[in-house]
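J.: After the C-alpha cells below, expect a handful of questions from me.
The values are calculated or read from the model by the stated rules, or taken from the named source; none is laboratory data. All values derive from a computational prediction rather than experimental measurement. Positions of Cβ are generated from backbone atoms using ideal geometry, with glycine treated the same way; all protein chains shown enter the neighbour counts. Remember, those area values only see protein heavy atoms, side chains included, never the ligands or the DNA or RNA. Shrake-Rupley method; radii C 1.70, N 1.55, O 1.52, S 1.80 Å.
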Amino acid sequence: MEFKPVVILLLSSYIAVASSSGSTLTARFINTSSAAVGMGCQMATLNLENPTNPSQTALSGPIDSNCEQNTVAAIGVVSPNQFFVSSKSVLKHAVLDGTEFQLHEVLGFNVSSNNSVFGVVRISDSIQLNNMAVSFVALSTRDGRGRVMAIACLGSEDVANVTHTYNFNSFGASDVKVVAINNKGTNDESLNLAVSVDTGISLLRYDTLLGFLEISFIDTSTKNNDGIAVQKDKGVILIASGGDGMIVVDYGSKSKLGQVSIPGWSGGVSLGTDGLAYVAADKGLYTVNIKTPSKPYLSWTCELLGSGLGWNVDVSQTSHVALLADTHEGLQIISVNNHHVMSHFGNGTQLACKSVTKKLVWWKILVITLSILLLISIVLCMVLNSQRRAKNKYTSTSLE
C-alpha cells in the first residue's frame, strides 16, 4: 500500500487538526533547527529556528489505514528529506519534496496474530557504510522475542530494503545504537552496535555483506531495559531501564558501573553536554550527572503537570533544547540551559515544570559540612594545645 499525500500548509483546516491530534511517542532532531515528530498516525516536520515558536513545515498522510490503532512509534532520520517512520503495523520510507511526502512501504506486520507479531520500538538515524545509508530497527513481540533489522537506503533512487535480520529468541529488543565504525579500507567497513534487550545489552557487529554477528552480552540484572544512548568518549552506554531508573554500563569491560533511581518508568535517554544525560520518564524530564560514570546522580528535574507520560527524548547538543515526546500532551520543547518549557506542539497544551531543582546530592552536603566542622575542630584543638603548652611553660619557669 502506498500513500502519496500532498500537504500544503495553511491551505485547509484539515491540516491544522491533523497536526494537533493523537499521541506523540517520538521526536527526533533532523538538525539543530528542525525536527521530525510523530502526531498520531502522521509525521510532521518542524522549523525550530525559534524554539519558542515552532512552525510546521510539512505533514504526511496517515502511515496506515487504521489511524486510531497505529500511532507513529518510531522515526529514524536518513537525511534532511528522507526518513524511516513506523507504527506497530507498518514500516515506511518517507521522502519529502517541499511540503509533500511520498510514503513507500518497506515492511508490513500482520497485527491480527497478536502476541507473536513483531512491532517496531525504535529506529536509529542512518549512517553511511560502504556507500549506503544504513539504519537499524529494534523490534519486539508481546511474548518476549526481539529482532534487529538493517535497512539500506539507496540514495537518489529513493529505494529502501531490509538487508539483514538478527533474532533474539529469549527477550525483546527496544533500541539499537552505533558504538564504533571499523574501517578496514575502501568499501570494507563494519559497525559495532549496542542493542537494548530486556535483561542487558547485546553487542553486535554488522557487515553489509555478512550481516550481524554477536560479539558479547552485558547482563544488567534487569527485566525492562528500554531506550539507550552511547557516550563514546567515556566508553559507556546509558540505559533507560523502565522501573529501574537509569543504568550506566562500560562496553569495554562489559560491566555495570552505576545506577540512579528515577520515579516511574524511564523510557528514553539522550546525551547532552557537560557530562549530563536526559531521561524521559512518566512525570517528565530528569537530568542525570554522569561526569563520574560509576556515581551518576540526579542534578535537576522537570516534572510536568499534565496527563501525558514522558516517552522519548532527543537533545540538541548545539542549541541545548530537549524534545520531550509526552504522549497525550504532545511535544514539550524544553530549554535544558534555563530549565523551563519554552513551547509546545501537537495534542494537549504547553505545560510548566512543577519543580525545577538544581541539587547537590544530600550525602555530598553532609560530607562537606562534616569536613568543615572537622577542620574547625582540628584548628581549635591546635590553638588550645598551644595555649596550654605556653601556660605550662610559664608556670614551670615561675616555680624555678
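J.: Taking interchain pairs and intrachain pairs at least six residues apart, which have beta carbon atoms under 6 angstrom, with the first residue in the range 273-289 and in contact (Cβ under 8 Å) with a residue 60 or more places away in the chain and the second part of a loop (DSSP other than H, G, I, E, B) and buried (at least 24 other Cβ atoms within 10 Å of the Cβ)?
T.: As it stands, the answer is G284/G310, since those pairs meet every condition given.
J.: Are there any pairs, at least 6 apart or on different chains, whose C-beta atoms fall under 6 Å, with the first in the range 174-194 and on the phi > 0 side of the Ramachandran plot and the second at pLDDT below 95, and if so, which?
T.: N187/N130
J.: So which of K359, K364 ends up being surrounded by 10 or more Cβ atoms within 10 Å (Cβ to Cβ), modelled with pLDDT under 65, assigned to a helix (DSSP H, G or I) and of a type in the set (D, E, K, R)?
T.: Step by step, each of K359, K364 is checked, and only K364 is surrounded by 10 or more Cβ atoms within 10 Å (Cβ to Cβ), modelled with pLDDT under 65, assigned to a helix (DSSP H, G or I) and of a type in the set (D, E, K, R).
J.: Let me ask you something else. Looking at V288, V269, V313, which one is within 13 Å of D326 (Cα to Cα), modelled with pLDDT of 95 or more and of a type outside the set (S, T, N, Q)?
T.: After applying the criteria, what remains is V313.
J.: Still on this structure, please answer the following. Go through the range 129-160 and give me each residue that's open to solvent by 20 Å² or more (accessible area, probe 1.4 Å), outside any loop (DSSP other than H, G, I, E, B) and either touching a helix residue (DSSP H, G or I) at 6+ places or on another chain (Cβ under 6 Å) or at pLDDT 90 or above (or both).
T.: S140, R147
J.: Another question, then. Identify the single condition in (1) touching a Ser or Thr at 6+ places or on another chain (Cβ under 8 Å); (2) of a type in the set (S, T, N, Q); (3) surrounded by fewer than 23 Cβ atoms within 10 Å (Cβ to Cβ); (4) farther than 30 Å from L154 by Cα that N225 does not satisfy, given that it satisfies every other one.
T.: So the condition that N225 fails would be (3).
J.: Taking the range 135-174 as the region of interest, how many residues are within 18 Å of L103 (Cα to Cα), within 22 Å of the chain's Cα centre (by Cα) and of a type in the set (V, I, T)?
T.: Residues in the range 135-174 being within 18 Å of L103 (Cα to Cα), within 22 Å of the chain's Cα centre (by Cα) and of a type in the set (V, I, T): 2 in total.
J.: To continue, here is another question. Scan the range 208-222 and give yes if some residue there is of a type in the set (G, A, S) and closer than 15 Å to W311 by Cα, otherwise no. I'd like the intermediate steps shown before the answer.
T.: Applying the first criterion (of a type in the set (G, A, S)) to the range 208-222 yields 211, 216, 221.
Narrowing further to those that are closer than 15 Å to W311 by Cα: none.
The answer is no, given that none of the residues of the range 208-222 is of a type in the set (G, A, S) and closer than 15 Å to W311 by Cα.
J.: For the range 242-261, what are the residues that are assigned to a loop (DSSP other than H, G, I, E, B), in contact with a strand residue (DSSP E or B) (Cβ under 6 Å, 6 or more places away or on another chain) and within 16 Å of Y297 (Cβ to Cβ)?
T.: Passing the criteria: only G245.
J.: From the list S202, S221, which one is on the phi < 0 side of the Ramachandran plot and in contact (Cβ under 8 Å) with a residue 12 or more places away in the chain?
T.: Testing whether each residue is on the phi < 0 side of the Ramachandran plot and in contact (Cβ under 8 Å) with a residue 12 or more places away in the chain leaves just S202.
J.: Quick one: which of V249, V269 is over 14 Å from the mean Cα position of the chain (by Cα) and within 16 Å of T220 (Cβ to Cβ)?
T.: The unique qualifying residue is V249.
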